[in-house]
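Trainee: Please find one structure pasted underneath; my questions will follow.
The values are calculated or read from the model by the stated rules, or taken from the named source; none is laboratory data. Please read all numbers here as calculations on a predicted model, not as lab measurements. Quick reminder, even Gly has a Cβ in these numbers, built from the backbone with ideal geometry, and neighbours come from all protein chains shown.
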């Protein structure tokens, strides 16, 4: 320890204010300002600075007042000086250690609070009996509840429902088993009675002899709504294309994989539709990959090219001539090719080079 001494409380305050003091050891009786007055002054500016009052015997009332005003400890003088100074040094070390531990805990709590408040997901801690012991502040933005509305309450009070949003799970055990694992989607009623869809991932941990559930909940309402809309659009596309009297389909322009083929296109080429989806014309043996790339290179984006004569091979291996209309469509997800075709048997078939030259001339 490095010790600096002062003869009055005012000198001590000047030293404390101007230097990096880690602890104060003060007598009680001093000129101008006694030890209690110095303690009060220190606590006004440094509420966490360790302070030990070291004074004469027989002043129990001073000890009580010192502890009342925030002294870390009180030691009475007397007895063997060497032994007592060892006790005093130990008290200082313990006081400084306690303050550092408190500051470290407070710092970590502040960081934890900052992290929790910045999360978009809800983090909550729940006992094995279903009582929520902690929930992150993000629950306010997602479900409209304040933390005090939820902490200490039962998990079933959050109005969990089956994924369809029709009813609440019948028992705690069923809900708890559903929450464990990689992720389960639940419908949960918010405070304003709106229904949110939450993806909940959780894990069980042991705290002493107690089992606790740590879970994170992410709002996927918007994503699921988009997925539902996408399914509806795909169904509408399928119904619309399947009602077309002409064979048609959509493929990825660069990879060449079939994204959609209507019933008439599959019938015309001799396939079941499921056999064609996800395959390229080359894999099916319908059209050479070089020919497909030549078409793609010559197609003007966003404009359909009509009446191209193309030789295609059916599933049975029969070469036939078809009249093909093509259009290249470019969107954020990439380039796609929409095609329509009809059979044209009995006419001479031009070469690929002649077709591409004709397409460029028309473009």
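Trainee: Conditions: (1) surrounded by 17 or more Cβ atoms within 10 Å (Cβ to Cβ); (2) touching a residue at least 60 places away in the same chain (Cβ under 8 Å). Residue 300 meets all but one. Number of the miss?
Mentor: (1)
Trainee: Now a separate question. Got at least one residue in the range 16-24 being more than 50 Å from the chain's Cα centre (by Cα) and more than 17 Å from residue 69 (Cα to Cα)?
Mentor: Within the range 16-24, not a single residue is more than 50 Å from the chain's Cα centre (by Cα) and more than 17 Å from residue 69 (Cα to Cα).
Trainee: Hey, residue 93 hits all of (1) at pLDDT below 85; (2) surrounded by 12 or more Cβ atoms within 10 Å (Cβ to Cβ) but one; which does it fall short on?
Mentor: With respect to (1) at pLDDT below 85; (2) surrounded by 12 or more Cβ atoms within 10 Å (Cβ to Cβ), residue 93 is out only on (1).
Trainee: Only one of 75, 82, 21 is more than 23 Å from residue 103 (Cα to Cα), in the same structural domain as residue 101 (by TED's automatic domain parsing) and in contact (Cβ under 8 Å) with a residue 12 or more places away in the chain. Can you tell me which?
Mentor: None of the other options fit; the residue is 75.
Trainee: Same structure, new question: Give all pairs with beta carbons closer than 7 Å in which a residue from the range 93-122 that is in contact (Cβ under 8 Å) with a residue 24 or more places away in the chain meets a residue that is surrounded by 10 or more Cβ atoms within 10 Å (Cβ to Cβ) and in a helix (DSSP H, G or I); count only pairs at least 6 apart in sequence or on separate chains.
Mentor: From residues that are in contact (Cβ under 8 Å) with a residue 24 or more places away in the chain, the pairs are 122/139; 122/142.
Trainee: Against the condition over 15 Å from the mean Cα position of the chain (by Cα), over 14 Å from residue 142 (Cβ atoms), assigned by TED's automatic domain parsing to the domain that holds residue 127 and not in a loop (DSSP other than H, G, I, E, B), how does residue 211 come out, does it pass?
Mentor: yes
Trainee: Next up: Just the residues that are part of a helix (DSSP H, G or I) and at pLDDT below 90, please, taken from the range 17-41.
Mentor: Within the range 17-41, 17, 18 qualify.
Trainee: Say whether the condition of being at pLDDT 85 or above, touching a helix residue (DSSP H, G or I) at 6+ places or on another chain (Cβ under 8 Å), in a loop (DSSP other than H, G, I, E, B) and on the phi < 0 side of the Ramachandran plot is met by at least one residue in the range 140-153.
Mentor: yes
Trainee: Quick check on the range 219-251: of everything there that is modelled with pLDDT of 80 or more and within 24 Å of the chain's Cα centre (by Cα), which residue is surrounded by the fewest Cβ atoms within 10 Å (Cβ to Cβ)?
Mentor: Out of the qualifying residues, it is 222.
Trainee: Scan the range 173-198 residue by residue and report those that are outside any strand (DSSP E or B), touching a strand residue (DSSP E or B) at 6+ places or on another chain (Cβ under 7 Å) and at pLDDT 75 or above.
Mentor: The answer is 190, and nothing else.
Trainee: Here's a follow-up. Go through the range 42-86 residue by residue and tally those that are buried (at least 17 other Cβ atoms within 10 Å of the Cβ) and either on the phi > 0 side of the Ramachandran plot or in a helix (DSSP H, G or I) (or both).
Mentor: 5
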